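Each remark here refers to the structure printed beneath this line.
All of the numbers you see were taken from the coordinates with simple rules; none came from a lab. Note that this is a predicted model, so its numbers are computed, not measured. Ideal geometry is used to build each Cβ from the backbone, glycine not excepted, and the neighbour counts take in all protein chains shown.
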Amino acid sequence: MRRLILALMSVVSILLTACSSQPVDLTNKLEKYAVPVNQLTVPDGVQIIGLGEATHNNGEFQSVRLDVFKVLVEKYGVRTFVLEEDFAITLAVQFKRALVNQDRVDFDAPVELIHNTTYVPLRFVSQTMGADVKWDQKTKEATVILDGKQVVVKLMKPKYQVPTNQRLSDTRIARLSEKLNEASDLSKVKQVRTYFKPYFTDRLIQQIIEQEGLHFKEMNFDMNTATVNYASNTSAMLIQSYIPGNILTGELHYVFDREAHIIYANGAWKVDKVSDHLRQIPNMSLEPDLQ
């Protein structure tokens, strides 16, 4: 029985190694022990036991799984195991990078969180899963094709239809972001009210004066993480993120989010309120380029 367990452990080790991201030539060994799921044949009367896994690559789970394997072999005579290949996608809100099995993948649009719903780039997710994506500019529809099946994804109409001539332009967003950065240090601004009046409401300017600047010193938020979400025809939220550093172990990034509430009045968009919060995300090698 001991030899049987050791042999089983060797097979499990081979399969787990094959699922790692390191290039290892195990073709001959896998052909001897492993069979693709779509080629498996299950004889009548054979009982299948499922072992669920909530977290991939979790050391504690791996230990428990091997203990379960040993019990199944020793007490129940189980001789065959089907192991799921490790596959994981790590995403972070406001950033244009993902980790796919620890490999860095960059894309054009950031992951966004809008009204408690997370939105991810359709093309990235589809192609990562092995699907093809075709975009129809005329109908504003995307077709996802996988294994001969098609799914049509229609572009959702925004809840608020802001007139084109009233929407925030990229130039205006960049200018507001620049002035918010400058408002963190008033030492270089002589006439605070006059200087910021074209960009901030009187209420925000008064708050900046009273607290002697915004709480973002030495943090220059750039446009790479900027997203704008309209809350109405005359209000929007400009969200930007900055990574000041990592935790001591290096496993996580600290992320500082700045949320600027912008309102439209008298023909111009101005920042009315600013809030911030600190969060942590997995280390995705975002520094020094940040995004």
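Most exposed first by the Cβ proxy, i.e. fewest other Cβ within 10 Å, how do ARG97, ARG79 rank?
Ordered from fewest to most neighbouring Cβ atoms within 10 Å, ARG97, ARG79 come out as ARG79, ARG97.
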Handout entry: In order through the range 106-113: 3J(HN,Hα) via Karplus (6.51 cos²θ - 1.76 cosθ + 1.60), integer Hz, x for Gly, Pro
Key = 9, 9, 7, 10, x, 6, 10, 10
Exercise for the section: Give a quick list of trypsin sites (Lys or Arg not before Pro) in the range 193-238 that DSSP marks as loop, anything other than H, G, I, E or B, with at most 10 other Cβ atoms within 10 Å. Expected result: LYS217
Completion exercise
Dividing the mean separation of Cα pairs under 8 Å (6+ apart) by the residue count of the range 91-140 yields a relative contact order in percent of 23
Practice task
Taking the Cα centre of the range 89-154 as origin, sum charge times position over the Cβ atoms of Lys and Arg (+1) and Asp and Glu (-1), and report the length of that vector in debye to the nearest 20.
Solution key: 140
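Please report the net charge: other residues with Cβ closer than 9 Å to the Cβ of SER184, K and R +1, D and E -1. Intermediate values should be presented prior to the final figure.
Details: positive: LYS217; negative: GLU182, ASP185, GLU218.
With Lys, Arg at +1 and Asp, Glu at -1, the net is -2.
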Practice task
Report the GluC sites (Glu not before Pro) located in the range 193-288 that are in a DSSP loop and have at most 13 other Cβ atoms inside 10 Å of their Cβ, or state none.
Solution key: GLU212, GLU218, GLU251
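Which links in LYS96/LYS159; LYS138/LYS179; LYS70/LYS149; LYS140/LYS217 stretch past 31 Å when you go from one Cα to the other?
Violating the 31 Å limit, Cα to Cα: LYS138/LYS179; LYS70/LYS149; LYS140/LYS217.
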Handout entry: Quotient of C-alpha Rg and 2.2 N^0.38 Å, computed over the range 89-154
Key = 1.19
Handout entry: Summed residue charge, Cβ within 9 Å of HIS261's Cβ, Lys/Arg positive, Asp/Glu negative
Key = -1
Completion exercise
The alpha-carbon center of the range 197-226 and that of the range 137-177 are separated, in whole Å, by 29
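Between rounded, prolate and oblate, where does the range 164-282 land on the alpha carbon gyration tensor, with a ≥ b ≥ c its root eigenvalues, rounded for a/c under 1.5, else prolate if a/b exceeds b/c?
Oblate is the answer for the range 164-282, as a/c is 1.5 or above yet b/c matches or exceeds a/b.
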Fill in the blank from the handout: Sequence order, the range 236-241: Karplus ³J(HN,Hα) from phi using 6.51 cos²θ - 1.76 cosθ + 1.60, θ = phi - 60°, Hz rounded, Gly and Pro as x, gives 8, 10, 9, 10, 9, 10
Fill in the blank from the handout: In the range 164-282 the DSSP beta bridges are antiparallel at a rate, in percent to nearest 5, of 95
